[in-house]
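Data block below; observations after.
The values are calculated or read from the model by the stated rules, or taken from the named source; none is laboratory data. The model shown is predicted, which means the values in this text are computed figures rather than measured ones. Here the Cβ is made from the backbone with ideal geometry for all residues, glycine too, and neighbour counts use every protein chain on show.
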Amino acid sequence: MFKRNDYIVAVAAILFGIFILLQSAQLEEQVKVSIDPAGPTALPNLMAFIIIAMGIVHLAGAYYANKVTEKGQSRSFSDFVSQYKAVAYVSIISIAYAFLMDIIGYIILTPLLIGSLLWVVQVRDLKRIVRVSTLMTGILFIVFRFGLQVKLPLGLLDFFLG
């Protein structure tokens, strides 16, 4: 049932990776001086190759998965929804996190993100969720703020910590 969609997604990913490679080649011609030792196109090229590889893996997986399943077998809509419900929840949570980051701030929002993601993946022990989310937020904040010198958005706490 979803065979055609799998192929479309795989080919779209491969074409998108090729598009990124072509755009980064034009970028390299425009940039005369770069302080990056790898050059201005290193990260875009790396990401393009990763996207192309994911497209190829998706294409091969769709081909072999559809070859293995029986011809008369099809999935119902309720099976599809139950299978991809976690993906939808993670997507919605991540989009909300990105939109609210500047307003609420990293320190308040990240434990909520980690906690909600743990809940989505069926971790139901609240003590563990609180412990893991606060510990990971603290570690990541220290690494980014002091180790990498990245100024994370503090949002509501900017008055106190800014």
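Kindly evaluate residue 15 against the criterion of being at pLDDT 80 or above, under 30 Å from residue 157 (Cα atoms) and hydrophobic (A, V, I, L, M, F, W, C).
It is false that residue 15 is at pLDDT 80 or above, under 30 Å from residue 157 (Cα atoms) and hydrophobic (A, V, I, L, M, F, W, C).
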| Here is a list of conditions, (1) modelled with pLDDT of 90 or more; (2) exposed (fewer than 12 other Cβ atoms within 10 Å of the Cβ), and residue 67 meets all of them except one; can you say which number that is? | (1)
| said: Step by step: first the residues of the stretch 110-162, then only those that are touching a residue at least 24 places away in the same chain (Cβ under 8 Å) and assigned to a loop (DSSP other than H, G, I, E, B), then the one that is nearest to residue 82 (Cα to Cα). Which residue is that? | reply: 121
| request: Provide a single number: the residues in the stretch 120-162 that are among the aromatic types (Phe, Trp, Tyr) and touching a helix residue (DSSP H, G or I) at 6+ places or on another chain (Cβ under 7 Å). | output: 1
| query | in the same structural domain as residue 160 (by TED's automatic domain parsing), within 19 Å of residue 157 (Cα to Cα), hydrophobic (A, V, I, L, M, F, W, C) and crowded, with 16+ Cβ neighbours inside 10 Å: does that describe residue 129? | reply | no
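State whether the residues of the stretch 88-104 include one that is aromatic (Phe, Trp, Tyr), part of a helix (DSSP H, G or I) and under 28 Å from residue 5 (Cα atoms). Walk me through it before giving the result.
Here is the first cut: in the stretch 88-104, the ones aromatic (Phe, Trp, Tyr) are 89, 97, 99.
Remaining after also requiring part of a helix (DSSP H, G or I): 89, 97, 99.
Going one step further and asking which of them are under 28 Å from residue 5 (Cα atoms), we end up with 89.
Taking every residue of the stretch 88-104 in turn, at least one turns out to be aromatic (Phe, Trp, Tyr), part of a helix (DSSP H, G or I) and under 28 Å from residue 5 (Cα atoms).
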